[in-house]
Amino acid sequence: MACVTVPVVTAVAVEAIRGLVKKYESKKEVPEMKFSRKLKWFSNLLFGGSALLLLEHVWHGEIVPWYPFLTGASNAEDAQTMLHEMSTVGVAMTGVVFVAWLGMLAFQAAVKRQAKAVVEK
């Protein structure tokens, strides 16, 4: 139901951090790929996955266009289940996206090392 909120909140926080990093990078001369660009990859992964998950929840009727918007928040018993889902499924999904992002960074670094080795030969 509300597991989508965890990656969305994380993406918003990453975008805020990205803004600070970008401001710092503008003051310093940063060679090659900037870290703010890598953070943008992460927020794009989070926002994109959240958009698909939001669409799926709307499709199944778990998110509705009237208050309280989440069908799981309509009574206290369902709210407890919803909070449990957020703390388990939402955090797990965000963790998987984080690991995928780390994999992207590792792949990018490996490609950069390979290209540097080819240029040096």
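Return the residues of the stretch 19-55 that are charged (D, E, K, R), out of contact with any helix residue (DSSP H, G or I) (no Cβ under 7 Å at 6 or more places or on another chain) and closer than 23 Å to VAL9 by Cβ; say none if nothing qualifies.
LYS23, ARG37
Please specify each residue of the stretch 32-53 satisfying the condition of being assigned to a helix (DSSP H, G or I) and in contact (Cβ under 8 Å) with a residue 24 or more places away in the chain. Before the answer, list the steps.
Quick first cut of the stretch 32-53, residues assigned to a helix (DSSP H, G or I) only: 35-53.
Within the stretch 32-53, LYS38, LEU39, TRP41, PHE42, SER43, LEU45, LEU46, PHE47, GLY49, SER50, LEU53 meet the criteria.
Could you give me the residue pairs with C-beta distances under 9 Å whose first residue belongs to the stretch 94-111 and is at negative phi, whose second residue is aliphatic (A, V, I, L, M) and surrounded by fewer than 14 Cβ atoms within 10 Å (Cβ to Cβ) wherever it lies, and which are 6+ apart or on separate chains?
Here the result reads GLN108/MET33, each pair linking the stretch 94-111 to a residue that is aliphatic (A, V, I, L, M) and surrounded by fewer than 14 Cβ atoms within 10 Å (Cβ to Cβ).
Inspect all residues belonging to the stretch 9-16 and state whether any of them is within 24 Å of LYS112 (Cβ to Cβ), surrounded by 14 or more Cβ atoms within 10 Å (Cβ to Cβ) and polar (S, T, N, Q).
Pass one, the stretch 9-16, residues within 24 Å of LYS112 (Cβ to Cβ): 14.
Retained after the next criterion (residues that are surrounded by 14 or more Cβ atoms within 10 Å (Cβ to Cβ)): 14.
Still in the list and also polar (S, T, N, Q): none.
Within the stretch 9-16, not a single residue is within 24 Å of LYS112 (Cβ to Cβ), surrounded by 14 or more Cβ atoms within 10 Å (Cβ to Cβ) and polar (S, T, N, Q).
Look at LEU83 and say whether it is more than 30 Å from VAL21 (Cα to Cα) and in a helix (DSSP H, G or I). Steps first, answer last, please.
Numbers: more than 30 Å from VAL21 (Cα to Cα): yes; in a helix (DSSP H, G or I): yes.
It is true that LEU83 is more than 30 Å from VAL21 (Cα to Cα) and in a helix (DSSP H, G or I).
GLU29 - would you say it is open to solvent by 50 Å² or more (accessible area, probe 1.4 Å), acidic (Asp, Glu) and in a helix (DSSP H, G or I)? Please lay out each step first, then the result.
Numbers: open to solvent by 50 Å² or more (accessible area, probe 1.4 Å): yes; acidic (Asp, Glu): yes; in a helix (DSSP H, G or I): no.
So GLU29 does not fit the description; no.
Table: residues versus (1) at negative phi; (2) touching a strand residue (DSSP E or B) at 6+ places or on another chain (Cβ under 9 Å).
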| position | (1), (2) |
| --- | --- |
| THR10 | yes, no |
| GLU32 | no, no |
| HIS60 | yes, no |
| VAL64 | yes, yes |
| TYR67 | yes, no |
| THR71 | yes, yes |
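Looking at the stretch 54-71, can you tell me whether even one residue there is assigned to a loop (DSSP other than H, G, I, E, B), among the acidic types (Asp, Glu) and surrounded by 14 or more Cβ atoms within 10 Å (Cβ to Cβ)? Steps first, please.
Taking the stretch 54-71 and keeping what is assigned to a loop (DSSP other than H, G, I, E, B), we get 60-62, 64-69.
Retained after the next criterion (residues that are among the acidic types (Asp, Glu)): 62.
From what's left, surrounded by 14 or more Cβ atoms within 10 Å (Cβ to Cβ): 62.
Yes: one or more hits.
The values are calculated or read from the model by the stated rules, or taken from the named source; none is laboratory data. Bear in mind the structure is a predicted one, so any value in this text is a computation, not a measurement. Reconstructed Cβ throughout: ideal geometry from the backbone, glycine too, with neighbour counts over all protein chains shown. Heads up: the accessible areas ignore ligands, DNA and RNA and are worked out on the full protein's heavy atoms, side chains in. Shrake-Rupley method; radii C 1.70, N 1.55, O 1.52, S 1.80 Å.
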